[in-house]
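The values are calculated or read from the model by the stated rules, or taken from the named source; none is laboratory data. Just so it is clear, the structure is predicted and the values come from calculations on it, not from any experiment. Ideal geometry is used to build each Cβ from the backbone, glycine not excepted, and the neighbour counts take in all protein chains shown. When the accessible area is computed, the model is the full protein with side chains, heavy atoms only, and any ligands, DNA or RNA have been set aside. Shrake-Rupley method; radii C 1.70, N 1.55, O 1.52, S 1.80 Å.
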Amino acid sequence: MNLQQELIQSFDTTKELDQFIANLLIEEMQKPGLVMLPVGKTFEDGIYPQVNHYFSEDENRLRDEKDGSDIYREQHYQVHPQLSLTHLDELIDAKTSFGDRLASELKELVNQCGDRFYKINPDDIPNFERFIRSARGPRLIVLGLGADPNTAHVAFIGEDYINSSIDRVELTEALAAEHGCKQAVTIGTDIFRMPSIEAIIVVAKGKNKAKALAAAFDDPDTGLGYLIKYHADKLKIYTDQDAIFNLKH
């Protein structure tokens, strides 16, 4: 088995991929520890809505009526009381922040977490670092993949350079136009060395991610390429068929 086969699990359809990742996240939200999540269409279209609905009051009420047990609801449909959540990166001087988007997409989870959800203030990086340390480091890091094969960024690592710690980075012209700002704050590669980490998950879907995914296996100076080279032992990449198109041809 080569490295690509070892790291990648692909699904026949995007719907199957979305369902698998949603179920995985639902399970992980019922465990203690810090989970770091991405923002973007990969997750906002098809994955986060399923996760949020699972923990919603309406969904819980229907399940309770069927089961007739409040204990069953508490054990299975509430986030773990020691779960902490935050995001991976934040735009600087954008009209809409990633923190606000994540809080909107996962409203039920964020409400249940309360002050265990941390929204990054790009002007206060030390406080972000303190939150991560207070949670004793992340247990799970979930990432999307940037579409540019020259950077194949995860979070924004690789977008400007492979930053070793939390830092401000310059966005490429294309991303700056997309987000309406020129800079972002992102986690650094040091976080992947924290002993608390159990798994690093990357999700890639759509043909627009195919070139970036293929490039990452050839170039360790890209964001995902760095993870493949240095953290393959904890890394798993989940894709649909479109995203692995360039790996099969």
Please compute, over every Cα-Cα pair in segment 92-232, the percentage with a separation greater than 18 angstrom. 59
The ³J(HN,Hα) series, computed from each phi in segment 11-28 with the Karplus coefficients 6.51, -1.76 and 1.60 at θ = phi - 60°, rounded to the nearest Hz and given as x for glycine or proline, is 10, 5, 10, 5, 4, 5, 4, 4, 5, 5, 5, 4, 5, 4, 5, 4, 5, 5
Below 12 angstrom from the Cβ of PHE20, what's the summed charge of the other residues (Lys, Arg +1; Asp, Glu -1)? -2
In nm, the gap between the two label points placed 7 Å beyond Cα toward Cβ at ALA199 and PHE20 is 1.1
How far apart, in nanometres, would the label points at GLN82 and ASN127 be if each is projected 7 angstrom from Cα along the Cα-to-Cβ direction? 2.6
Value of D in µm² per second that Stokes-Einstein yields for segment 99-142, Kirkwood Rh from Cα pairs, at 37 °C (0.692 mPa s): 288
Under a crude label model (7 Å from the Cα following the beta-carbon direction), how far is SER134 from LYS207 in nanometres? 4.7
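What percentage of the solvent-accessible surface of segment 151-197, computed with a 1.4 Å probe over protein heavy atoms, is contributed by carbon and sulfur atoms?
49
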Looking at segment 207-246, I'd like the Rg to Rh ratio, where Rg is from alpha-carbon atoms and Rh is Kirkwood's inverse mean 1/r. 0.97
Taking H as built 1.01 Å from N, whose amide H comes closer than 5 Å to the amide H of LYS31, not counting residues under 5 places away? HIS80
Multiplying the sequence separation of ARG168 and CYS181 by 0.36 nm and subtracting their Cα-Cα distance, what value in nm do you get? 3.4 nm
Probe 1.4 Å, accessible area per residue of the chain, Å²: 48
Solvent-accessible area of ASP93 with every protein chain in place, 1.4 Å probe, in Å² to the nearest 10: 140
Could you list the square roots of 5 times each eigenvalue of the Cα gyration tensor of the chain, that is, the equivalent ellipsoid semi-axes, sorted largest first and rounded to whole Å? 29, 22, 17
Run the paramagnetic zone check for ASP45: 7 angstrom along Cα to Cβ, then residues of segment 192-223 with backbone nitrogen under 15 Å. 204-210
With 24 Å as the limit, write out which pairs from LYS205/LYS236; LYS31/LYS229; LYS41/LYS209; LYS119/LYS211 have Cα-Cα distances beyond it, or answer none. LYS31/LYS229; LYS119/LYS211
With +1 assigned to the C-beta of every Lys and Arg and -1 to the C-beta of every Asp and Glu, and no other charges, what is the dipole magnitude of segment 73-143 about the Cα centre in debye, to the nearest 20? 320
0 to 90° range, to nearest 10: angle between helix 125-134 axis and the chain longest Cα axis: 50
